[in-house]
Amino acid sequence: MAGTGGTEFDDVWDTLVDWTQGTLGRIIAIAIIIVGGCIGVVRQSLMTFAVGLAMGMGLYNAPTIIESIMGSTLEHLPAASGVLPGLGNGL
């Protein structure tokens, strides 16, 4: 029963996903990467470029990650149940 409501926010979620994984999200992601690269040149450090790259990838993949975490189920539990008793002894 828990977690079945909230369908009134589906339109908002779909809009945000479209923005982040559509053209707008790609433009923002590449802008973050370019800014990180420019700051990396100014500071003479690749770390800001790496942070910009990670932020750009994180922005684009955030909806997929959130859906994977929040929509996770135990559909493969019966297949794994034969392995779990062997792991009970700590080995």
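Summary table below
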| item | result |
| --- | --- |
| Ordering of 8-21, 32-45 by burial proxy (mean other Cβ atoms within 10 Å per residue, highest first) | 32-45, 8-21 |
| FRET E, pair Leu24, Ala50, Förster distance 25 Å, beta-carbon r, rounded to 0.05 | 0.60 |
| Whole-Hz ³J(HN,Hα) from phi, Karplus 6.51 cos²θ - 1.76 cosθ + 1.60, for the range 55-65, glycine and proline x | 5, x, 5, x, 4, 5, 8, 4, x, 5, 5 |
| Distance between modelled label sites at Asn61 and Ile34, nm, 7 Å Cα→Cβ extension | 2.4 nm |
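Computed from the coordinates by the stated procedures, all read-outs in this text should not be read as laboratory data. Given the structure is predicted, the values throughout are model-derived calculations rather than measurements. Methodologically, a virtual Cβ is constructed for each residue, glycine included, from the backbone with ideal geometry; neighbour enumeration extends over all protein chains shown.
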